[in-house]
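The values are calculated or read from the model by the stated rules, or taken from the named source; none is laboratory data. Quick caveat: nothing in here was measured; it's all calculated off a predicted structure. Quick reminder, even Gly has a Cβ in these numbers, built from the backbone with ideal geometry, and neighbours come from all protein chains shown. Just the protein is used for accessible areas: all its heavy atoms, side chains included, with ligands, DNA and RNA removed. Shrake-Rupley method; radii C 1.70, N 1.55, O 1.52, S 1.80 Å.
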Amino acid sequence: MTYQPSTVLITGATGDFGKAFCRRYEEIGCQIIVHGRNKAKVEELCEELDVETYPLVFDVTDKQATLEALSSIPPLFEKIDLLINNAGGALGLDKAQDALLEDWENMISMNVTGLVRVTNIILKGMANRQKGHVINIGSISGNWPYPGGHVYCATKAFVKQFTLAMRADLQGTNIRVSNIEPGMVETKFSFERFKGDKDRADAVYANTTPLTAEDIAETVFWASTLPPHVNINTLEVMPTKQTFAGLVMERDE
Ligand code: 8X3
């Protein structure tokens, strides 16, 4: 570790990834702005962390709540030098033609609209200070389409290209931007994708060795603590036991 962020804002901090990120930055004594939708969960996590924390409760899909919450950050915490855009998720794995429009709209709201809102606001402060790092939690699904992935894959492809295009604009600002792209990680991701169907979620991770939230926390931590002259643009991380399925050819009878 040659660089140490001082104030980290983690969106979706009360989820499995978010908690692992909090723990990793707690180890080096960073101040952490802990974001989540559930006030009790955010406050509980803040209590558990043995560093200075600031709780931020809002839903990233609510524009007004996002603007108000981010403008309420007190001076002690406002010099955010690491934003981890982690809030978001997947809804459904049905074929596109069977998917619910509501699920599609919600994924776009969380993974795209919410992420760009938070970024737009926090990036301005970073640009004024000529210091900062935005780490977006992308996904291998932004690179590799799969059946049932449709809008989830598309939102993560957006996040990747948004990351790279921001890099182009941020030349000369010292601000780093990275897209970390995990493959299969055993978290509540599938439970939420399958809307509480535990058996279906468990089957995703059965009899194999997925990544853990801690694996991704270590990757994010590494990218954020490299010397300031090093920028990880994109980084795809898969379990050793996960690989590519190849293309499918439809055959006539
Ligand atoms: C999570 C990885 O492969 O389930 O973003 O889409 S995957």
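Could you work out how much longer the chain between Ala165 and Leu67 gets when fully extended? Use 0.36 nm per residue separation minus the Cα distance between them, nm to one decimal.
Full extension of this stretch gives 32.9 nm more.
Using a simple charge model, +1 on the beta-carbon of Lys and Arg, -1 on the beta-carbon of Asp and Glu, nothing else, what dipole does the range 184-252 show about its Cα centre, in debye to the nearest 20?
About 100 debye.
With a 1.4 Å probe and all protein chains in place, put Ser6, Ser141 in order of accessible area, largest first.
If we order Ser6, Ser141 from most to least accessible, we get Ser6, Ser141.
R0 = 45 Å: FRET efficiency of Lys79 with Ala157, Cβ-based, nearest 0.05?
0.90
Test of understanding: in a Gaussian network model of the chain with alpha carbons linked when under 10 Å, which of Asn106, Asn128, Asn179 would top the mean-square fluctuation ranking?
Asn128
Of Lys39/Lys188; Lys95/Lys156; Lys195/Lys241; Lys19/Lys188; Lys79/Lys156; Lys39/Lys79, which pairs sit farther than 21 Å apart, going by alpha carbon to alpha carbon?
Lys195/Lys241; Lys79/Lys156; Lys39/Lys79
For Asp59 and Thr208 in the same chain, what is the full-extension length gain: residue separation times 0.36 nm, less their Cα-Cα distance, in nm?
That works out to 50.3 nm of additional length.
Starting from the range 3-108, pick out the chymotrypsin sites (Phe, Trp or Tyr not before Pro) whose DSSP state is loop and whose Cβ has at most 10 other Cβ atoms within 10 Å.
Here no chymotrypsin sites (Phe, Trp or Tyr not before Pro) fit, given the DSSP loop and packing criteria.
So what's the net charge close to Ala217: Lys and Arg +1, Asp and Glu -1, counting the other residues with Cβ under 14 Å from its Cβ?
Taking every Cβ under 14 Å from that of Ala217, the sum is -4.
Where nothing but the Cβ of Lys and Arg (+1) and of Asp and Glu (-1) is charged, how large is the charge dipole of the chain around its Cα centre, in debye to the nearest 20?
The calculation lands at about 760 debye.
Determine, for each peptide in 206-218, 27-39, the mean count of other beta carbons within 10 angstrom over its residues, then list the peptides with the highest first.
Top to bottom by mean Cβ count within 10 Å: 27-39, 206-218.
Among Pro145, Pro74, Pro55, which one shows the biggest mean-square fluctuation in a GNM of the chain, springs joining Cα atoms closer than 10 Å?
Among Pro145, Pro74, Pro55, the largest GNM mean-square fluctuation belongs to Pro74.
For the range 1-62 and the range 179-253, what is the centre-to-centre distance using only Cα atoms, to the nearest Å?
Measuring centre to centre over Cα atoms gives 21 Å.
Over the chain, with a Gaussian network built from C-alpha contacts below 10 Å, which listed residue (Ala223, Ala127, Ala40) shows the highest mean-square fluctuation?
Ranking Ala223, Ala127, Ala40 by mean-square fluctuation puts Ala40 first.
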